[in-house]
Amino acid sequence: FGSLMGKSFQTMKKLAKMAHGKGIKIAFNPSLYLCKKGLGTLKGMLRCCEVVILNKEEAQTLFREKKLDRCLSRFRGLGVKIIVITDGGGDVHVCDNSLCYRIKPPKVRIVETTGAGDAFGSGFVSALIRGKKTEDALRVGLVNSQSVIRDFGAKKRLLRWKDAVSQAKKGSVKVVRC
């Protein structure tokens, strides 16, 4: 799920609750606008989610907390299984059921950053759907987002699965368990 507003948001919450009740896994990418509405607005939705992907500003705003480790802990307290917090060109933080990971994106030539977060999320979630480990999903998400920012437009250089996996295996990305 992405960010929806008004009646659409209410419908999304109902769908999430129904899906969660049937064991269907949900990935959610809330916007800054939704995070500004506060935890009270999003708590029910978050409790239904398997994966939540958001950026640093969104996480800090949602929990009114500056420290990312505290944000990650608060998500875990809500029952979210996999939490991803991105930070532009900074580290990406991921916690799953058992481990936390931090990955430093390598420097790449940036043309435009539009779509980088969505490209990361689509790569990350598609890897999870295909049964990949969190660590591998993190690598796939990162190479997909890095590809997109090398050109104009939000989806011009989205990678095909085999290309994303191939680039993720090149070893230029290092995952540090924290």
| field | Links that overshoot a 30 Å alpha carbon limit, given the list 43/107; 43/67; 36/104; 56/133 | value | 43/107
| Within the chain, helix-based [θ] at 222 nm, where runs of 4 or more DSSP H residues each add -39,500 (n - 2.57), nearest 500 | -14000 deg cm²/dmol
| remark: Non-local residues with an amide H under 5 Å from the amide H of residue 28, with H modelled 1.01 Å from N and Pro and chain starts lacking one, are 51, 52, 53
| field | Dipole moment magnitude, nearest 20 debye, the stretch 7-99 about Cα centre, only Lys, Arg, Asp, Glu C-beta charged | value | 600
| task | Identify which of 107, 36, 66 has the largest mean-square fluctuation in a Gaussian network model of the chain, with springs joining Cα atoms closer than 10 Å. | result | 107
| Which of the helices in the chain, when you take each full DSSP H run, stretch at least 18 Å along the axis at their Cα atoms and have an average Kyte-Doolittle score of -1.0 or higher? | 6-21, 116-129, 134-148
| Simple Cβ-charge dipole of the stretch 46-178, Lys/Arg +1 and Asp/Glu -1, about Cα centre, in debye nearest 20 | 340
| note | Share of accessible surface on carbon and sulfur in the stretch 6-82, whole %, 1.4 Å probe and ligands ignored, is 50
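The values are calculated or read from the model by the stated rules, or taken from the named source; none is laboratory data. Owing to the predicted nature of the structure, the values given are computational and were not obtained by experimental measurement. Here the Cβ is made from the backbone with ideal geometry for all residues, glycine too, and neighbour counts use every protein chain on show. Please note that ligands, DNA and RNA were not included when accessible areas were found on the heavy atoms of the full protein model with its side chains. Shrake-Rupley method; radii C 1.70, N 1.55, O 1.52, S 1.80 Å.
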